[in-house]
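The values are calculated or read from the model by the stated rules, or taken from the named source; none is laboratory data. Computed from a prediction, not measured in an experiment: that's the story for all the values here. Please note: Cβ atoms are built from the backbone with ideal geometry, for glycine as well, and neighbour counts cover all protein chains shown. Accessible surface areas use protein heavy atoms only, side chains included; no ligands, DNA or RNA. Shrake-Rupley method; radii C 1.70, N 1.55, O 1.52, S 1.80 Å.
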Amino acid sequence: MEAIKRGVKPRELTDKVHSEIVRLLKEWGIGFDNYTRTESETHKRFVRDFYMKIYNNGFIFTKVESHLYCENCERFLPDRFVVGTCPYCGYPHARGDQCENCGRLLEPTQLIEPRCSICGSKPVVRESKHWYFDLPKLQEAVQRYIEENPNFTEAVKNYSLNYMREGLKPRALTRDNKWGIPAPFPGADGKTIYVWMEAVLGYISATIEYFERLGDPEGWKKFWFDPEARTLYFIGKDNIPFHTIIFPALLLATREGYNLPWDVSATEFLTYERKKFSKTHGIGIWMDEALKLAPADYWRYALLYLRPEGKDTDFSLRVFEELVNSHLNDTLGNFIHRTLLFVWRNFDGRIPKPASELGEEDSKALEKLRILHGKITNALERIKIKEAVELVMEVAREGNRYLNTRAPWKLIKTRPEEAATVIYVASQYVKALSILIEPIMPFTAEKLRRLINLQEPPSWDDALSPLEPGHPVNKPKPLFKKVKAEELVRKLEEMRGAVVKRVDVSEFRKLDLRIGRVVEASYCPESRKYVILRIDVGDRVVQMVGRLGEHYSPEDLKGKLVVVLTNLKPRRICEQVSEAMLLAADDEGTPVLLKPEKDVEPGSKVF
Ligand SMILES: [Zn+2]
Ligand SMILES: [Zn+2]
């Protein structure tokens with residue numbers, strides 16, 4: 001849809017977006033063995049073969065059904081190509097596949113007053129034949145898989161079983177789209193596979209592609225057929241059914257013994273300043289903007305710390321400030337800095353030699369580090385990432401507590417060997433942290449390892465092998481800087497303002513705006529929400545259809561002077577041609593028409 005709106009080929013748009021995403025993931029320190037797309041030939045081939053297997057196994061049937069069709073655009077309107085009023089909650093901008101307001105899944109034909117997303121016309125109903133995946137046949141097998149999966153959390157299990165409670169329904173596999181993977185079924189010429197029904201298969205085709213590149217074309221099978229192999233999926237909770245029901249059902253339908261998902265790590269929702277993230281409404285911070293406000297590691301820490309495991313969580317810049325300043329700067333950064341500075345200043349930049357016999361406090365501190373390392377490892381194994389992040393910060397807190405209790409800055413004057421022991425122990429915390437923070441903050445981990453001269457990349461278990469006495473460290477520099485929420489808000493507004501301001505005057509001059517006088521006004525025969533206006537714009541009379549019926553009656557409008565955009569490409573709205581638009585102010589969603597400050601002749605230019 002975005003490509004149609006921009007007037008470019010879908011491929012052109014997705015190429016551009018893909019390379020942008022690749023760049024951003026890299027800048028965020030997110031790495032992949034194979035970051036690919038479902039445009040790849042390997043994927044297309046795999047999907048067609050895969051579906052033919054399912055077809056031959058008897059899991060696919062056809063049905064002729066009513067679908068919405070836009071006569072103006074000459075296309076069927078599946079999924080998001082149609083918008084209208086939600087039959088459940090009355091939200092007026094629900095999409096054909098889902099209502100954004102109440103979250104319910106929809107069929108396009110359920111929408112009240114459907115409109116084409118591209119041109120706004122009212123669609124007609126036409127029959128079309130489609131291919132369906134026979135999910136009900138797999139109901140029992142899928143249910144057993146979900147109930148018997150020992151790894152799924154209660155939330156994932158309940159969400160999935162609830163979804164199945166009323167029985168699985170067959171799922172449409174094909175679309176009348178011009179783009180997408182051509183459906184391989186006999187007689188399905190011109191149909192493509194519905195994107196969500198092939199995208200999940202990308203997990204497998206990406207593995208195949210990866211091993212093809214390694215020159216081991218059979219290697220992928222280890223991951224998908226060896227019962228010892230585990231696949232793990234990180235998703236938001238609204239995607240659970242696709243991963244616990246539809247994807248496993250597709251795999252089962254091949255009867256080839258594919259491994260089903262071992263676990264699905266589904267998060268609850270994250271909100272932004274108590275609002276739902278929305279690209280359309282500009283709610284949220286985009287990946288590229290974020291990096292202009294603070295280093296990637298700050299965001300990674302905050303987002304992992306706030307990962308909505310088990311409950312919905314709110315992100316706010318106030319909380320972000322607190323996490324960066326108090327956790328990263330004052331706790332983690334400060335502990336590392338004071339330890340290394342002590343080594344640098346008092347022990348010639350070398351890890352000091354501890355006393356041959358450690359004191360009770362010192363042994364306890366090392367034992368605590370070992371326990372915390374075990375707990376962090378365990379949390380990660382259980383995919384409790386938020387918990388692991390909290391525990392990593394606990395390591396830094398424990399280190400600070402230890403330094404404060406032992407006060408080496410006092411010991412150094414009276415009992416220097418004891419001070420050496422304390423700094424030796426604290427250095428082991430620093431070493432462990434340089435590895436424990438790697439998955440959370442890879443850029444900071446690398447900086448820290450450079451400070452303490454560690455050869456990289458270290459392994460996870462290296463965290464507990466000691467930095468030996470005499471090991472040199474470099475002069476420490478602070479790893480973090482404080483941030484201010486107000487400052488971030490200001491910068492963000494500035495960034496966005498700059499984008500809005502960059503409209504060229506020549507763009508504006510393309511608009512032929514004039515004063516017009518409404519000469520005729522009537523409700524649309526289709527719907528009283530819309531009015532049809534005939535407007536005198538000086539050299540001609542133009543017709544305009546607008547959604548004004550709820551705010552103005554035709555009698556109100558007749559004779560009024562209005563501001564008209566006259567050089568608009570004609571569109572069909574409510575079965576009528578509309579070739580103009582009126583300018584109005586937005587009064588909390590209610591349009592208020594603009595008029596000239598004193599009477600002027602219709603046709604006067606507005607500039
Ligand atoms: Zn249309
Ligand atoms: Zn709704």
Built amide H within the under 5 Å cut-off of Tyr233, gap 5+: Asp263, Val264, Ser265
Surface/4 estimate of mean projected area, convex hull on alpha-carbon atoms of the stretch 352-437, nm²: 5.4
Karplus 3J(HN,Hα) series, Hz, for the stretch 172-178 with 6.51 cos²θ - 1.76 cosθ + 1.60 (x for Gly, Pro): 5, 9, 10, 9, 8, 6, 7
Summed side-chain charge close to Gly399 - residues other than Gly399 whose Cβ falls under 12 Å, Lys, Arg +1, Asp, Glu -1: +4
C-alpha long axis of helix 442-451 to longest principal axis of the chain, angle in °: 30
The chain: angle of helix 416-436 to the longest principal axis, Cα-based, in degrees nearest 10: 30
Dipole magnitude of the stretch 505-593, debye to nearest 20 (Cβ charges: Lys/Arg +1, Asp/Glu -1, about Cα centre): 320
Centre separation in Å (Cα based) which lies between the stretch 23-40 and the stretch 535-607: 48
Residue-wise HN-Hα coupling along the stretch 129-134, computed from phi with Karplus coefficients 6.51, -1.76, 1.60 (Hz; x: Gly, Pro): 8, 9, 9, 10, 8, 7
Cα-Cα P(r), the stretch 460-597, percent of pairs per 5 Å interval: 2, 8, 12, 14, 12, 7, 6, 6, 5, 4, 3, 3, 3, 4, 4, 4, 3, 1, 0
Under the Karplus curve 6.51 cos²θ - 1.76 cosθ + 1.60, θ = phi - 60°, whole-Hz ³J(HN,Hα) for the stretch 559-567, x wherever Gly or Pro sits: x, 6, 8, 9, 9, 10, 8, 9, 9
Accessible area (Å², per residue) of the stretch 299-464, counting only protein heavy atoms and a probe of 1.4 Å: 45
Angle between the chain longest axis and helix 10-27 axis [Cα atoms, degrees, rounded to 10]: 20
23 Å Cα-Cα threshold exceeded, pairs from Lys279/Lys447; Lys129/Lys157; Lys157/Lys237; Lys5/Lys491; Lys191/Lys279; Lys63/Lys191: Lys279/Lys447; Lys129/Lys157; Lys5/Lys491; Lys191/Lys279
Alpha-carbon centroid distance for the pair the stretch 367-426 / the stretch 168-230, whole angstrom: 48
222 nm mean residue ellipticity, helices alone, for the chain (DSSP H n ≥ 4; -39,500 (n - 2.57); rounded to 500): -11500 deg cm²/dmol
Kirkwood Rh, Cα atoms: Rg over Rh of the chain: 1.07
Nitroxide proxy distance, nm - points 7 Å out along Cα→Cβ at Glu361 and Val541: 9.5
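Starting from the stretch 349-432, pick out the GluC sites (Glu not before Pro) whose DSSP state is loop and whose Cβ has at most 16 other Cβ atoms within 10 Å. Write out the running numbers ahead of the final one.
Details: sites: Glu357, Glu360, Glu361, Glu367, Glu381, Glu387, Glu390, Glu394, Glu398, Glu417, Glu418; in loops: Glu357.
Those that pass, being in a loop and sparsely packed, are Glu357.
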Where GluC sites (Glu not before Pro) fall in DSSP loop in the stretch 67-104, at most 12 other Cβ within 10 Å: Glu74
Reciprocal of mean inverse Cα separation for the stretch 299-464 (Kirkwood radius, Å): 16.6
Loop GluC sites (Glu not before Pro), the stretch 130-237 (other Cβ atoms within 10 Å of the site Cβ: 16 or fewer; DSSP): Glu166, Glu218, Glu228
Accessible carbon and sulfur surface of the stretch 472-523 relative to its total accessible area, %, 1.4 Å: 56
Dipole in debye (nearest 20) - the stretch 140-241, about Cα centre, beta carbon charges: Lys, Arg +1; Asp, Glu -1: 320
Residue among Gly497, Ile437, Ser427 farthest towards the positive dipole end of the stretch 413-503, charges placed on Cβ: Gly497
